[in-house]
Amino acid sequence: MAGRLEGKVALVTGGSSGIGRASALLFAREGTRVVVADVNVSGGEETARMVEEAGSKAIFVKADVSKASNVEALIGKAVDTYGRLDCAFNNAGTAVGGGPIHDSTEENWDYVMSINLKGVWLCMKYEIRQMLKQGGGAIVNTSSVMGLVGHIDKPIYAASKHGVVGLTKSVALQYAKSGIRVNAICPGWIRTPMTEGRLNDPEDRARIVAMEPVGRVGGPEEVAEAVVWLCSDAASFVTGHTMAVDGGFVAQ
């Protein structure tokens, strides 16, 4: 049976682990050739190998999404290799820093914004240039539940993820008549390398689970299902949408 995205080409940034890796593997199972991008070479190359072991084709490209030259080269490599770009999952991000705003540094602000927000903007800029040439495509950006509500300990991170939501909605409107759909996912607490430090602490994990209406944290595969659905024709009338994948966290 053909997959939902048979014959298409998908790009996943932040593809070395977690949600990015799970999404790359699900894209592969649904029939796409996959371009994996990350600054983590060993992890990104491992994801590409896993995609190929799953029976699809993949390449890894080292790319820092905060640098325009890297992003332009990344999209160029994807198109040079596979001839087009149908789906893009702009997932690269960082959650470093936190604490009271009066103790935060300009360097921390610039670092978080350069990856989480500027990186998404740069990726869309070059992805959309290609998608306009070929007559359409689908883009999914990673925001967070902290792009929908505030967080007492991570105001800079929350600001960057709120920015992704606003950018997603606005760009979706700009290209709605061009056959390019743009949506965002907002994951809650998901088991990934980014969260394992807190989830491996029994007391911290208990507090986190207690906040989740479903009584557990999510798996990266559950977020990947939302990403792939948004890129598929099943979501053909969905654009400018912000989808919480959070076990009901923001519904409280």
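Where a number appears in this text, it was derived from the coordinates with a stated rule and is not lab data. Note that the coordinates shown come from a computational prediction; the quantities given were computed from them, not determined experimentally. Cβ: placed from backbone, ideal geometry, glycine included. Neighbour counts: every protein chain shown.
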Summing +1 for each Lys or Arg and -1 for each Asp or Glu, what net charge is found among the other residues whose Cβ lies under 15 Å from the Cβ of Phe237? +1
Compute the angle between helix 18-29 and the longest alpha-carbon principal axis of the chain, please, reported from 0 to 90 degrees and rounded to the nearest 10. 30 degrees
Once the piece of chain linking Val250 and Phe237 is laid out straight, how much longer is it, given 0.36 nm per residue of separation minus the C-alpha distance between them? 2.3 nm
Simple spin-label estimate for Val214/Ile101, 7 Å along Cα→Cβ, in nm, reads 3.2 nm
For the cross-link pairs Lys133/Lys161; Lys62/Lys169; Lys67/Lys161; Lys133/Lys177; Lys133/Lys169, which exceed 24 Å when the distance is taken from alpha carbon to alpha carbon? Lys133/Lys161; Lys62/Lys169
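Counting only helical runs of four or more DSSP H residues, what would the 222 nm mean residue ellipticity of the chain come to if each run contributes -39,500 (n - 2.57) and the total is spread over all its residues? Please report the intermediate quantities before stating the final value.
Working: 9 runs with 114 residues, N = 252.
Roughly -14000 deg cm²/dmol at 222 nm, from the helical runs in the chain.
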Tell me which cysteines of the chain come out unpaired when the rule is another cysteine's Cβ under 4.7 Å. Cys123, Cys186
Once you put a point 7 Å from the Cα of Glu6 and another 7 Å from the Cα of Asp110, both along the Cβ direction, what distance in nm separates them? 5.1 nm
If I fit a long axis through the Cα atoms of helix 41-53 and take the longest principal axis of the Cα atoms of the chain, what angle between them do I get, 0 to 90°, rounded to 10? 50 degrees
Theoretical FRET efficiency, 1/(1+(r/R0)^6), r = Cβ-Cβ of Val149 and Asp80, R0 41 Å, to 0.05: 0.50
So, with +1 on the Cβ of K and R and -1 on the Cβ of D and E, and no other charges, what is the size of the charge dipole of the chain about its Cα centre, to the nearest 20 debye? 820 debye
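If you take the beta carbon distance between Glu196 and Leu173 as r and set R0 to 51 Å, what does 1/(1 + (r/R0)^6) give as a FRET efficiency, to the nearest 0.05? Provide the component values of the computation, followed by the final result.
Values: r = 37 Å, r/R0 = 0.73.
Efficiency at R0 = 51 Å is approximately 0.85.
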